[in-house]
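To start, the structure under review is shown below, and the notes come after it.
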Amino acid sequence: RLLQLAAATNKKYDERKVYWVFDPFLGLRFDASAKDVKGARGLSMGRKKKGGNKKNGNKMNGKKGVAVDEALGLVRVESKFSFETTYTNLYFALDGNPKISVVAEIDHSAAAASVGLTLAPNRLIVFGNPALGTPVMEDNLLAGLDLPQKMLVWEGEEGKVFVGFNPPDYLVARHDLGDVATLDTIDGALKNFASVATGVAAGEIVARPRSGIHRVKRIVGYNTFPSEFDFDTTLQNLVTAIENGPPTIAFQVDHAANAQNSGAGELLSNTLVVFGNPLIGTPLMESNPTVGIDLPLKILVTQDTNGDVYVVANTVRFLRARHNLQGVRDTLDKIDNVLMTLIGAATGKAN
C-alpha cells in the first residue's frame, strides 16, 4: 500500500536516495527506496468504479472504493436469518441470561430516520456482566472506554445480514492488557451469543486474518486529557456541556458502582458517557455500516491512584482507520470539533 501511494504521485525519483511515505489511513510514516517506488508503478490502488475486488473477494463501494462490512479487529458473522430474526434472537439470548444486563439498545437506522435521513437496518445492543468486565478494568481502567460489551447487527451488501463484535483480543491490543483471567470466558460468551443470533456454530466463529487484530495497536486509538477539576465536577461539566449542545446523551455507565454493587471488586472512579447526533453519525455508517459499533460517541472520565482526573475519547483517526471511512472528512472534522469542545468544557482546558 505505501509503495502504491508513492507511485501514485508520479514523481521522478533518485535511486540513490530513500524517500519517506506518509500513509494517512494508518497515520504512519514509512521509508521506501526509489527502486521500490518505481517497481510499484502501474499497480492498482484497489479502486474500481463497479463490481468487487477480485483479488480478495471483498465487495467494494462503487463510489468510494471502500471495502464495506469490514473493520479492523471486528469479528463478523454472516447470519442465516433475516435482520429482524437475527436481532430478536440476539436480544432474547442476552435478556434471558440472568448473569447479563442489557444496558442499552441503539437503533441507528431509526435515529437516522428521525432527522430525515435513510440508513439500512443497523442496530446496536450494549450489555455487560461486572463479574467479567471488572477484572479487565482492574488491569487497565481505560478499558472502560470499550466496556460494557456490545454487538452490532446490520444489513449490508446484497441484503446480507451480519453480527459483529469486539473480541477479547481486540481489548488486549487496544489497552495492552495482561493475563486477565476472565478473557477466555468473555470470548466464549460472545461466540455463543453470536451463534444463537446467526445460526452459525460457535466453533466456526473465529477472527479471520483480515480482521486486523495485529494492526489495532498501530493506530493512535484514543487521547487522554488531564482535568483541572475533581472527578465529580469533571463528570458534571461534561454532562452539562452535552445537554447544552446538539448531541443527546444515550446512556451512562458507572463502572465503579457496578463493580461494587455486584461484588465483583473495587475500581477507582470510572464513568462512561455515551452520546450522539444522527446528523453526524449517519454519514459515517453510510460509508461503512460497521462504524455503528463505535457509535454513538463516547467519553470516559476516570481517576488514577494519585487522585488525578482524566478525560479519554477515541480519535477521529481511529474511526477513519478502523472502518476505512472514505468521503466523510467534513463529518469527521465536525466530530473532532464536538469532542474537543466537550472535553475542554469538562476539563477546564482549551484543547
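Figures for the structure shown
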| read-out | value |
| --- | --- |
| Unique residue being open to solvent by less than 40 Å² (accessible area, probe 1.4 Å), without any contact (Cβ under 8 Å) to a residue 40 or more places away in the chain and of a type in the set (Gly, Ala, Ser) when the list is Gly159, Gly188 | Gly188 |
| Odd one out for Thr305 among (1) under 14 Å from the mean Cα position of the chain (by Cα); (2) open to solvent by 10 Å² or more (accessible area, probe 1.4 Å) | (1) |
| Residues of segment 314-337 satisfying the condition of being crowded, with 20+ Cβ neighbours inside 10 Å and within 21 Å of Leu272 (Cβ to Cβ) | Asn314, Val316, Phe318, Leu319, Arg322, His323, Ile335 |
| Of residues in segment 68-102 being of a type in the set (Val, Ile, Thr) and surrounded by 21 or more Cβ atoms within 10 Å (Cβ to Cβ), the one nearest to Asn324 (Cα to Cα) | Val75 |
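The values are calculated or read from the model by the stated rules, or taken from the named source; none is laboratory data. The shown structure was predicted, so the numbers you read here are calculated from the model rather than taken from an experiment. Reconstructed Cβ throughout: ideal geometry from the backbone, glycine too, with neighbour counts over all protein chains shown. For the accessible areas, the whole protein counts, side chains as well, though only heavy atoms, and no ligand, DNA or RNA atoms are used. Shrake-Rupley method; radii C 1.70, N 1.55, O 1.52, S 1.80 Å.
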